[in-house]
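Note sheet for the following structure.
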Amino acid sequence: MKAIISTTIITLLACLSLQAKERPNIVLIFLDDAAYSDFRPFGNPPYATPNVERLAAEGVRYTRFHVPQAVCSASRAALLTGCYPHRNRVVNAIAPGRRGLDPKHPIIAETFKQHGYATAHFGKWHLGDIPATRPMSRGFDQHAGLLVSNDMWRHNPVWKKGHGDLPLPYWENGAIKIADISPDDQKHLTAWATEGATRFIRSQAGKQPFFLYLAHSMPHVPLYCRDEFKGKSGAGLYGDVITEIDWSVGEIMTALRESGVEQDTIVLFTSDNGPWEEFGNHAGKTPFREHKATSFEGGIRSAFTVKYPRELKPGTVSDRAFGSIDLYPTLAALAKVPLQEKDTDGKNVWPLMRGDEGAQNPHRHYFISTGWDLEAVMSSDGKWKLHLPHGYRDVIRAGHDGGRGETQTSMLEESLFNLIDDPIEQNNLIAKHSDIAKELREAGADYLKRFPPAAE
C-alpha cells in the first residue's frame, strides 16, 4: 500500500512539473496612469529605466497597443474580462461601496484557476470593494493591496470634500491588514506589491503554472516612493516614482531567473491608460494628443512589451495594432485554457504578436469609449480612426507638485485620422475619405445596438 501511495505521489508531482513546463507561467505587470514615453524603450525621459529597457531588449516592444477606455476601473475590467466596457458594464472609476464588476463576467484568474493555475494579485484592484467583487472572491489564491485608487483617501482634500472622512484600508488575503493607510504607508505600496509578487514566484516555481497580476498603484497621484528613491532620478518626484517601478521590474525578472522559470514565463508590461496631464510635473509625457479620460491616442495608447523566450524573438519592435481586450483570450490559448468565444469581445492575436508571416488581426474594428459614450471606432489594422462628435476634457493650465490644474470642455466634430501618417490626430481626412468614415460610423452604430449604454 505504501509503495502504491508513493508511486501515486511521484506520478502526480511529475505531472505537475510537466504541466508547469508545457503551460507557461504568466506575469502581468500593470501600471496606473503611466505615460507612453515614461520608459526609455518608448521615449527618452531624463532618467534611467534599465530594467524595462532590458525587458524590451529580451522581448518584443509593441508600439500600437491600446485600451478601450482610458480610465482606471474601465480599463482593468476590460483587461481581465476581455470584454468592452459596454458589455461588462464597468465604466469610469468605481468609488468605494459602489457596484463593481459583476461576477457573471468571468475574469482571467477564475478561469485559469479552474484549469490548474495558481493565481495571485498584488497592488491596486479597483473593480469593487464589496465582498462579492473582491480579489479573493474572483479567483485569486493570494491578494494584498488597495481595493480602490490611492487618491480615494481622506488625506486628499478634493476627495474628502466630496466623500467625507472615509478610511483607505490595505487588504491582505481577504482581511484588512491596515485599517487606514498613512502617507508613510503610501511610500511602501510599490515595494509591498513587489515583495508579495516575488515571494509568490519563488514559492510556486516548478510546482504548478501560475498567473501573477502585479498592478501597481503608481504613478497615479498622489505620488509616493520609498526614501531611498527620493532624488535618485534627478527628475523630480515623478521620475523617482518611475525609477522605483523600474526597480520592481528588475526584482520580478531576478525572481524568475533565480527560480529557474524564466524560459517558461510570459512577462507582460503595460499601463491602464495615459497620463493625468492636469497634474503637470506629477504626470508623465506622451507624444500623442491629449491624455487619460479621452479617446485620443494620448489616453488610449499604452506602452506595451512582452517577453517569452520560447516563442518571441528578442529585441523585436512590432507596429501591429491590437488591444487589451485581446490579452485574456490570447493568454488562454497559450495556456491551453478553453474559452467560449461568445464570452469575450477580444480575440486570440498571438500569431500577430509573434510576427507570423501573413498573420492578420481577427477583428474588423475596435471601439473606444469614455464613460457610456462611444467616441471612436478604429480599423483593426490601427490605420484609420473615426472620432464621433463629442466633448472632451482639455487641460488649459497644468498643476504643479501635486496640485490639480484647470480643464475646460472642448468639442470635437466628426473626424477621421490616418494614425500611420498622423499619430497625433491633427489632420481631419473625413472629406477625402468619406467611404472609410461611413464604414466606421456604421460599425459604431452596430456596436451600440449590441451594447446599448446605461444610466450611471
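The values are calculated or read from the model by the stated rules, or taken from the named source; none is laboratory data. Note that the structure is predicted; figures quoted are calculated from it, not measured. Quick reminder, even Gly has a Cβ in these numbers, built from the backbone with ideal geometry, and neighbours come from all protein chains shown.
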Subset of the stretch 40-61 (residues that are crowded, with 24+ Cβ neighbours inside 10 Å and closer than 24 Å to Pro329 by Cα): Leu55, Ala56
Residue, farthest from Leu312 (Cα to Cα), within the stretch 337-359, restricted to residues that are under 19 Å from the mean Cα position of the chain (by Cα) and not in a loop (DSSP other than H, G, I, E, B): Trp350
Residues that are aliphatic (A, V, I, L, M), over 30 Å from Val337 (Cα atoms) and buried (at least 23 other Cβ atoms within 10 Å of the Cβ), drawn from the stretch 185-220: Leu189, Met218
Residue list for the stretch 222-246, filter: under 21 Å from the mean Cα position of the chain (by Cα) and either surrounded by fewer than 21 Cβ atoms within 10 Å (Cβ to Cβ) or among the hydroxyl-bearing types (Ser, Thr, Tyr) (or both): Pro222, Tyr224, Tyr238, Thr243
Single unsatisfied condition, Pro219 versus (1) touching a helix residue (DSSP H, G or I) at 6+ places or on another chain (Cβ under 7 Å); (2) more than 30 Å from Glu277 (Cβ to Cβ): (2)
Count - residues of the stretch 101-152 that are of a type in the set (Ser, Thr, Tyr), over 19 Å from Pro329 (Cβ atoms) and touching a helix residue (DSSP H, G or I) at 6+ places or on another chain (Cβ under 8 Å): 2
Inter-residue pairs, beta-carbon under 9 Å, first in contact (Cβ under 8 Å) with a residue 60 or more places away in the chain and among the acidic types (Asp, Glu) and in the stretch 301-330, second surrounded by fewer than 15 Cβ atoms within 10 Å (Cβ to Cβ) and part of a loop (DSSP other than H, G, I, E, B), 6+ apart: Asp319/Ile420
Selected residue (only one of Ala332, Ala303 is assigned to a helix (DSSP H, G or I), surrounded by 15 or more Cβ atoms within 10 Å (Cβ to Cβ) and not acidic (Asp, Glu)): Ala332
Strands (runs of 3 or more DSSP E) completely within the stretch 379-456 that count 2 or more residues being hydroxyl-bearing (Ser, Thr, Tyr): 406-412
Qualifying residue in the stretch 160-183 (condition: farther than 30 Å from Ile266 by Cα, among the hydroxyl-bearing types (Ser, Thr, Tyr), modelled with pLDDT of 95 or more and not in a strand (DSSP E or B)): yes
Selected residue (only one of Thr270, Thr194, Thr243, Thr254 is of a type in the set (S, T, N, Q) and part of a strand (DSSP E or B)): Thr270
Selected residue (only one of Gly174, Gly162 is in the same structural domain as Leu101 (by TED's automatic domain parsing) and in contact (Cβ under 8 Å) with a residue 12 or more places away in the chain): Gly174
Scope the stretch 416-454; condition under 20 Å from Arg89 (Cα atoms) and in contact with a helix residue (DSSP H, G or I) (Cβ under 9 Å, 6 or more places away or on another chain); matching residues: Tyr447, Leu448, Arg450, Phe451, Pro452, Pro453, Ala454
Sole residue being surrounded by fewer than 15 Cβ atoms within 10 Å (Cβ to Cβ) and within 20 Å of Thr370 (Cβ to Cβ), chosen from Glu413, Glu425: Glu413
Answer from Gly123, Gly128, Gly82 - the residue that is under 13 Å from the mean Cα position of the chain (by Cα), surrounded by 24 or more Cβ atoms within 10 Å (Cβ to Cβ) and closer than 28 Å to Gln186 by Cβ: Gly123
